[in-house]
Amino acid sequence: MNNTFNEFANQFGTTEKLVRGKPEYVKQTVEVMRLNVIERAQAALQIIKSKEEATSKNPMVRKVRNGLSIKIGYGAKNETLITFGKDQNGKDKVTRFFFLEKRNEAIAFLEGTISFFEQGKMDDVLEIKLVSYRLRAEKGKVSRRKTKTKLIASVEQIPKAA
């Protein structure tokens, strides 16, 4: 009976530890970024059209007091892609606000934004973000090298036991 069960069990899963290697690097392109932004904006549009509560399910649209806020961004942290001028403190305005009664304005804004991205009119903004990601990665490499060098130097300074 045990043999029969083992034959059955061998059809499923494994008895070895599950080890996942590093995921294969896929170079980011403007086209992939554009499709991602369009997909997320369409999801935000669906949330607004369905009149369901804007939640953290979609980082582009949020419920705020008396209305909705929409921020066009990219990535897991919805990093800003589009700014709308500066405020009195000189900080970039990155969010558009809409009263709940004027939900149609928010819908029109998102539909227009999606159209701009689909036509490729916002590719320069995506290219700038892509360059900033590359620069950030280079800074990280340099920082890691400096840290590694410091660690090696500090280890070499430790007195060796006789």
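The values are calculated or read from the model by the stated rules, or taken from the named source; none is laboratory data. Keep in mind the model is a prediction, meaning the values are calculated, not measured. Positions of Cβ are backbone-derived with ideal geometry, glycine not excepted, and every protein chain shown enters the neighbour counts.
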Some residue of the stretch 67-74 being surrounded by 15 or more Cβ atoms within 10 Å (Cβ to Cβ), of a type outside the set (Val, Ile, Thr), in contact with a Ser or Thr (Cβ under 8 Å, 6 or more places away or on another chain) and outside any loop (DSSP other than H, G, I, E, B): yes
The lone exception for ARG40 - which of (1) at pLDDT below 85; (2) under 16 Å from the mean Cα position of the chain (by Cα) it fails: (1)
Candidate set: the stretch 12-55, residues that are hydroxyl-bearing (Ser, Thr, Tyr) and surrounded by 10 or more Cβ atoms within 10 Å (Cβ to Cβ); chosen: the one nearest to PHE97 (Cα to Cα): THR55
Set TYR25, TYR74: member being in contact (Cβ under 8 Å) with a residue 40 or more places away in the chain and aromatic (Phe, Trp, Tyr): TYR74
LYS17 being among the basic types (Lys, Arg), farther than 21 Å from ASP124 by Cβ and part of a loop (DSSP other than H, G, I, E, B): yes
Residues of the stretch 96-133 that turn out to be of a type in the set (Val, Ile, Thr) and closer than 19 Å to GLU39 by Cα, as a count: 4
Evaluation of GLY90 against (1) modelled with pLDDT of 85 or more; (2) closer than 26 Å to SER132 by Cα; (3) small (Gly, Ala, Ser) (one fails), failing number: (1)
Qualifying residues in the stretch 1-11 (those that are loosely packed, with under 10 Cβ neighbours inside 10 Å and not hydroxyl-bearing (Ser, Thr, Tyr)) - the one modelled with the lowest pLDDT: MET1
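Examine the stretch 38-52 for a residue that is among the basic types (Lys, Arg) and touching a strand residue (DSSP E or B) at 6+ places or on another chain (Cβ under 9 Å), and state whether such a residue exists. It would help to see each step written out before you state the result.
Within the stretch 38-52, the first condition is being among the basic types (Lys, Arg), and the residues that meet it are 40, 49, 51.
With touching a strand residue (DSSP E or B) at 6+ places or on another chain (Cβ under 9 Å) added as a condition, the list becomes 40.
Yes, the stretch 38-52 has at least one match.
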